[in-house]
1. State all residues of segment 53-78 that are more than 15 Å from GLU43 (Cβ to Cβ), touching a helix residue (DSSP H, G or I) at 6+ places or on another chain (Cβ under 7 Å) and outside any helix (DSSP H, G or I); if no residue qualifies, say none.
2. Looking only at residues that are touching a Leu at 6+ places or on another chain (Cβ under 9 Å) and of a type in the set (Phe, Trp, Tyr) in segment 46-73, which one is nearest to SER84 (Cα to Cα)?
3. When residues of segment 48-78 are filtered for being surrounded by 11 or more Cβ atoms within 10 Å (Cβ to Cβ) and free of Cβ contacts under 8 Å to residues at least 12 places away in the same chain, how many remain?
4. From the list TYR81, TYR6, TYR45, pick out the single residue that is surrounded by 10 or more Cβ atoms within 10 Å (Cβ to Cβ) and at pLDDT below 80.
5. Checking the condition at pLDDT below 85 and in contact with a Lys or Arg (Cβ under 7 Å, 6 or more places away or on another chain), which residue from GLY89, GLY33 passes?
6. Counting just the residues of segment 41-52 that are assigned to a helix (DSSP H, G or I) and not small (Gly, Ala, Ser), which one comes out nearest to the chain's Cα centre (by Cα)?
7. Return the pairs, sorted by first residue and then second, in which the second residue is modelled with pLDDT under 85 and among the hydroxyl-bearing types (Ser, Thr, Tyr), the first residue lies in segment 8-23 and is at negative phi, the beta carbons are less than 8 Å apart, and the residues are 6+ apart or on different chains.
Amino acid sequence: MDKKSYSLAELVFDIGCLLKKYEQSVADNNSNGRLLKTKQVLEEYPILTQYGLEQAVKESKLPVVKRGKLNFYDSRDIESYIQSQKVKGSNCISEKIKFI
C-alpha cells in the first residue's frame with residue numbers, strides 16, 4: 001500500500017476545504033429559513049411575547065425544536081404563524097360592537 005504523506009500545511013488546508021463545503025451545504029439546506037432561539041425571535045418580531053410563543057407551542061400552532069432547555073423556532077414558521085393571526089377589519093368592528 002502506497003500511502004501519500006501529507007505535510008501539516010496540506011492537512012490543515014484539506015480540513016479547511018472540507019469545513020467550507022460543510023458550511024455551504026448547511027447554508028443551502030437552510031437558505032429559506034433559519035433556526036432562532038426564543039430571545040432572537042422576541043428581538044426580531046416585537047409583536048410576539050414569550051408567553052404568546054409558549055401558548056402557540058402548547059396549542060400546537062407553532063412547531064418548535066427542543067434541545068435541552070432551549071427552544072428553536074424556524075423563521076418560516078414564525079412568519080406563517082404571524083400571517084395566520086391576522087384578522088380582517090370587519091371582524092374587528094363586529095367584535096367591538098358585541099362588547100359595547
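The values are calculated or read from the model by the stated rules, or taken from the named source; none is laboratory data. Only a predicted model underlies this, so the values are computations on that prediction, with no experimental measurement involved. No Cβ is skipped: glycine too gets one built from the backbone with ideal geometry, and neighbour counts run over all protein chains shown.
1. LYS61, LEU62, PRO63, VAL64
2. Residue satisfying both the conditions and the ranking: TYR73.
3. Counting residues in segment 48-78 that are surrounded by 11 or more Cβ atoms within 10 Å (Cβ to Cβ) and free of Cβ contacts under 8 Å to residues at least 12 places away in the same chain gives 5.
4. The unique qualifying residue is TYR6.
5. GLY33 is the lone residue from the list that is at pLDDT below 85 and in contact with a Lys or Arg (Cβ under 7 Å, 6 or more places away or on another chain).
6. Only one residue fits best here, namely VAL41.
7. ASP14/TYR6
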